[in-house]
Amino acid sequence: MSRQVRNWVFLGDSLTEGVGSKRISHVAELVKQLRSSGSTNVHEFRLRHVEMGKLNRDVEFNVAGFMNVGAQQNSSDVWLWNLACEGQTIESDFGWLPLITTLRPELVVIFRGSLESIIRPAMLRDGAWPWWVPRSWRGYAAMDPRCYFSTTWWRKAKQSSVDALKQKTRLRLLKQRPGKPLMDLEHLSGHQAELLRQLRGLGARVLVLGLLPVDQGRFPSSPEHFKSVNMQLQQIATAEGAEFFDWASLLPTNGDLFYRDSFHPNAAGAVALANTLRGYLCRGGPPWPPLCANQGVATEGHPYK
């Protein structure tokens with residue numbers, strides 16, 4: 001690729017990769033919005049690491065993805081690289097650094113900390129599970145609320161009944177003993193600081209996104225911990241010369257933006273997040289304004305900068 005090509009890289013977990021077969025997320029929605037503006041060509045790559053042999057036993061694969069590239073390419077095009085992956089913590093982002101270094105991105109957007117910071121049963125850390133908890137439920141996300149249920153009635157009935165039992169069990173375990181995050185804040189902060197340091201060394205504009213709110217009823221103690229994580233992420237971003245954007249504070253309050261788990265943004269949430277992120281970038285000065293044509297969202301008064 002020419003050095004003039006504009007590469008934007010997105011790092012994160014399932015909140016950035018998207019959930020479901022369509023992988024609906026703010027990144028995919030941002031691609032749609034930028035394309036609809038008609039001001040420039042926009043291309044999308046979605047990549048993730050996979051276990052060798054899972055895709056084809058006869059050929060080795062360790063990366064899989066989705067390519068959404070326009071018929072024509074120009075030196076002024078914008079290429080969005082969604083390198084987020086569900087179930088992967090911030091440690092996995094360092095594995096992408098060789099690719100990111102080669103891409104020489106002008107923008108790197110990091111949305112990390114949610115997966116690592118949800119308060120989960122303490123047994124996940126010390127392995128002291130009660131005997132009656134099925135082994136298949138002992139994974140870090142095995143008892144998390146389902147995002148949605150199948151539209152087929154018998155599958156929905158099965159999924160909803162199992163989910164109800166899992167939620168009852170998970171909340172009971174959280175009451176028995178104080179829960180723990182998947183990754184301690186000190187551990188998360190160390191990885192975040194090192195990641196920002198290496199990305200800033202590439203000369204890229206690095207934007208750290210704040211955590212989105214979670215529901216106290218579904219994830220006890222997590223909202224309060226998320227506040228501490230957000231404060232820490234902002235401090236690290238400032239110390240490492242990166243930007244921090246508390247986009248949750250600008251989300252509309254009239255509307256359901258999350259799936260039933262109150263954690264993953266749904267289609268409406270993806271639109272709202274893409275609008276908010278695009279509004280922030282549009283107010284960042286050249287060369288961002290050309291991407292703001294026909295934006296269709298009000299940005300006046302928003303404290304983006």
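Quick note: the coordinates plus some simple rules give every number you see, no bench work behind them. All values derive from a computational prediction rather than experimental measurement. No Cβ is skipped: glycine too gets one built from the backbone with ideal geometry, and neighbour counts run over all protein chains shown.
Close amide-amide hydrogen proximity is noted between Arg260 and no other residue 5 or more places distant or on a separate chain, at a cut-off under 5 Å (H modeled in the peptide plane; Pro and chain starts excluded). For the pairs Lys54/Lys168; Lys54/Lys175; Lys54/Lys227; Lys22/Lys158, flag any whose C-alpha to C-alpha distance is greater than 30 Å. Flagged as over cut-off: Lys54/Lys168; Lys54/Lys175; Lys54/Lys227. With contacts taken as Cα pairs under 8 Å at a separation of at least 6 residues, the stretch 121-176 carries a relative contact order of 37 percent.
Considering the stretch 205-262 at the alpha-carbon level, its Rg and Dmax are found to be 13.0, 37 Å.
Taking the fewest neighbouring Cβ atoms within 10 Å as the starting point, the ordered list for Trp154, Trp81, Trp96, Trp129 is Trp154, Trp129, Trp96, Trp81.
Each of Phe245, Phe258, Phe111 has some number of other Cβ atoms within 10 Å of its Cβ, and from fewest to most they run Phe258, Phe245, Phe111. Think of the stretch 121-176 as a dipole: +1 on every Lys or Arg Cβ, -1 on every Asp or Glu Cβ, centred on the Cα centre; then among Gln176, Leu165, Cys147, Leu165 lies furthest on the positive end. Listed values for the stretch 149-164 are Karplus-derived 3J(HN,Hα) couplings in whole Hz (6.51 cos²θ - 1.76 cosθ + 1.60, θ = phi - 60°), namely 10, 4, 7, 7, 4, 6, 5, 4, 4, 5, 5, 5, 5, 5, 4, 4, and x replaces Gly and Pro.
Secondary-structure-derived ellipticity at 222 nm for the chain, considering helices only, amounts to -10500 deg cm²/dmol, per-run term -39500 (n - 2.57) for DSSP H runs with n ≥ 4.
Between Gln72 and Lys175, what is 0.36 nm times their sequence separation minus the Cα-Cα distance? Round to one decimal in nm.
Working: separation 103, 0.36 × 103 = 37.08 nm, distance 5.70 nm.
Extending this stretch completely gives an extra 31.4 nm.
Sort Val59, Val229, Val162, Val5 so that the residue with the fewest other Cβ atoms within 10 Å of its own Cβ comes first and the one with the most comes last.
On the way: Val59 8, Val229 23, Val162 12, Val5 18.
By the 10 Å Cβ count, ascending, the order reads Val59, Val162, Val5, Val229.
Given springs between every Cα pair under 10 Å in a Gaussian network model of the chain, which of Val214, Val78, Val133 has the largest fluctuation? Taking springs between Cα atoms under 10 Å, the residue moving most is Val133.
The H on the amide N of Lys180, modeled in the peptide plane, is under 5 Å from the matching H of Arg120, Ala122, each at least 5 residues off or on a different chain. Angle of helix 185-200 to the longest C-alpha principal axis of the chain, folded into 0 to 90 degrees and rounded to 10: 20°.
For helix 222-239, report the angle its Cα long axis makes with the longest principal axis of the Cα atoms of the chain; keep it between 0 and 90° and round to the nearest 10°. Its long axis makes an angle of about 30 degrees. Within the shell of other residues whose beta carbon sits under 13 angstrom from the beta carbon of Arg197, the net charge comes to -2, with Lys and Arg scored +1 and Asp and Glu -1.
What percentage of all Cα-Cα pairs in the chain are separated by more than 31 Å? If you can, show how the numbers build up before the last one.
Working: 14850 of 46360 pairs.
Of all Cα-Cα distances in the chain, 32 percent exceed 31 Å.
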